[in-house]
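What follows is calculated from the coordinates using simple rules that are stated; it is not laboratory data. Just so you know, these numbers come straight off a predicted model, no measurement behind them.
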Amino acid sequence: MADFTSSTTAVPEVGTVPRHVAIIMDGNGRWATSRMLPRFAGHVRGVEAVRRVVEACYQRGVGHLTLFAFSSENWRRPPDEVALLMRLFIRTLQREITELASRGIRLRVVGDIQAFEPRLRDLILESTARAPANERMVLTVAANYGGRWDILQAVRRMLAEHAELAADPSAITEPAFEPYLAMAGLPEPDLFIRTGGEQRISNFLLWQLAYTELYFTETYWPDFDGAAIDAAFASYRQRERRFGRTSAQVGAGR
Ligand code: FPP
């Protein structure tokens, strides 16, 4: 919890490298169809991009990387694509978890995992239970996640635990509410990246993106790599993060 500073109740410390990067990995399907390949080939190549980007962020000292792997709305896709994605998640978890842990990367999954098939659910629980001895990075995968789902589940859990709050709404403060969110205790993302050319948040971390810098690129996710991360970080370094203050205040370090 010590890591957490709300950007709306205090001004967080800002470094030259984003401490927390959150990514919407978009464009797998278009990458594939532009090459006359089935959409699924794009997802398979997308996993390679995940590996490259985890490594690039790790090397650059990013403490938290959060990836949007499957949204609450992705169930609307054709059933065979959903089934193939589930199989890919299972295979990727099985292949990668030992390596991640041995490098000090802790895996977390946020989202409503009850909706997944038991095999995937069990694998998620097993993989996320591994706590690396020497933690260097936290990799959070958002799976069956939606920002609205998260806010609602947090409200429900908070009121279930503290029924008295319903009679005293003024006691519902940020510090009282935040611990119930799926990203509880994590620093808010400094940098949000969306690949694939669309410029929208798509129900990702609605609460946490309050003061996050947004970066959109045309690059399809399977083509994203360390150089693309460097370009995003270079853009981030140009930003003046005011958190509601004036530019003069930021310059004076206030
Ligand atoms: C968006 O591309 C991508 C997805 C919905 C799935 C993301 C999954 C991966 C990158 C692979 C596995 C990841 C992990 C963390 C194991 P799209 O299909 O929406 O592309 P399009 O917009 O071009 O159709």
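The table below lists the values:
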quantity	calculated
Choice from ASP80, ASP112, ASP223 with maximal GNM fluctuation in the chain (Cα, 10 Å cutoff)	ASP80
Candidates LEU186, LEU165, LEU205: whichever shows maximal mean-square fluctuation once the chain is modelled as a Gaussian network with Cα springs under 10 Å	LEU165
Relative contact order [Cα under 8 Å, 6+ residues apart], the stretch 1-106, whole percent	27 percent
Calculated [θ] (222 nm, deg cm²/dmol) that DSSP helices of n ≥ 4 give over the chain, each run adding -39,500 (n - 2.57)	-12000 deg cm²/dmol
In order through the stretch 152-169: 3J(HN,Hα) via Karplus (6.51 cos²θ - 1.76 cosθ + 1.60), integer Hz, x for Gly, Pro	5, 5, 5, 4, 4, 5, 4, 6, 5, 7, 10, 4, 5, 5, 4, 8, 9, x
Cα-based shape type of the chain, given that a ≥ b ≥ c are square roots of the gyration tensor eigenvalues and the cut on a/c is 1.5	oblate
Residue among SER34, SER102, SER170 with the largest mean-square fluctuation in a Gaussian network model of the chain, springs linking Cα atoms under 10 Å	SER170
